[in-house]
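The values are calculated or read from the model by the stated rules, or taken from the named source; none is laboratory data. Predicted model only: the values in this text are computed from it and were never measured. Every residue, glycine among them, receives a Cβ derived from its backbone with ideal geometry; neighbour counts consider all protein chains shown. The accessibility values were calculated without ligands, DNA or RNA, using every heavy atom of the protein model including side chains. Shrake-Rupley method; radii C 1.70, N 1.55, O 1.52, S 1.80 Å.
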Amino acid sequence: MNCPICGAPLGATDNECKNCGTRRAEMGPAYNNTGYGQQSSYGYGGNTMNGGQGYGNYGMNNGGQGYGNYGMNGVGQGYGNYGMNSSFDSGSYTRKRSASIPTTKLISILITVIIILVSILGYQIKYNSPQTESFGDITVTFPQKVEKRSSTIFGDVDAEDVTAYANRDMGFVYSKYEMSDLELGDGDEETYLNFMFPFMDAAMSSDSEIKGYKKKDQLGNHMRFYFTDDGTDWFCDMMIDFEGDSCYMYYAYCNKKKENKFISKFRKMYDSIEYNK
């Protein structure tokens, strides 16, 4: 191919005529189709733009065909890594929104949870509130809410009066005896205690109805021991007291697992006892 201006030979890779200096871009369309890349100024290099066909990195804008890394804009076709824009289907990728709980439903759930928590808290407060009861010859304040029971493991047919209260964690039994029935006189209380506690220890050890009996200790007019009833292990603080011409036996017991919690509560409960007669 020759230069159209001076007729000198023009190489396939020459960007201008070596004879007259005319650039290939100025020679017309027929002379711009023979380089390594088609472009408005130079026919080779790293990339082609605006309709150029490039073998380098990429072709950009208006139908450029890139054999290197990628083609961009227009209908660019990339044989390297990827082609972008005009052939890119924006509808092919849809961002999925994560499922969310409706506000009204969330509020309803929160209200339900609050109601449940308030109910549990209210029950616990009520359950653990002191309860004062009067029965037999006494008035006593229990550390928790309890209910009257018709029977008790510590019932004694020889007692003049027996009353029992309990809940799932603790129990209390009141037994009254007349001093004359026990053949006790004034000043014999200590003698009676020294006799009664060993006697009761031996009796409960052999009582088939009281399972797992084990004495812990004896402190003044209190004897403390363990026993099992309905598959549950219990701790009991028994107290014997004398008032007027009557002898009273009290049994305060709780779940063995909560012994440390109730020891002080039982002491306070015993201190609250008032005789009504």
*asked:* Run the simple label-point estimate for residue 103 and residue 194 please: 7 Å along Cα→C-beta, distance reported in nm.
replied: 8.2
*Leaving ligands, DNA and RNA out of it, work out the accessible area of residue 115 with a 1.4 Å probe and give it in Å² to the nearest 10.*
100
_Could you tell me which residue out of 193, 151, 213 lies farthest along the dipole of the range 131-275 toward its positive end? Charges go on the beta carbon: Lys and Arg +1, Asp and Glu -1, centred on the Cα centre._
213
*Determine the shape class of the range 190-277: with a ≥ b ≥ c the square roots of the Cα gyration tensor eigenvalues, call it rounded for a/c under 1.5, and otherwise prolate if a/b is greater than b/c, oblate otherwise.*
oblate
*Which ³J(HN,Hα) values, rounded to whole Hz and listed in residue order, are derived for the range 223-234 from phi using the Karplus coefficients 6.51, -1.76 and 1.60 in 6.51 cos²θ - 1.76 cosθ + 1.60 with θ = phi - 60°, glycine and proline given as x?*
10, 10, 7, 10, 7, 10, 9, 6, x, 10, 8, 10
*asked:* Can you give me the solvent accessible area of residue 160 with a 1.4 Å probe, rounded to the nearest 10 Å²?
replied: 100
*Which entries in the list 176/256; 148/215; 216/261; 216/256; 211/261; 148/214 go over 19 Å, if you measure between the two C-alpha atoms of each?*
176/256; 148/215; 211/261; 148/214
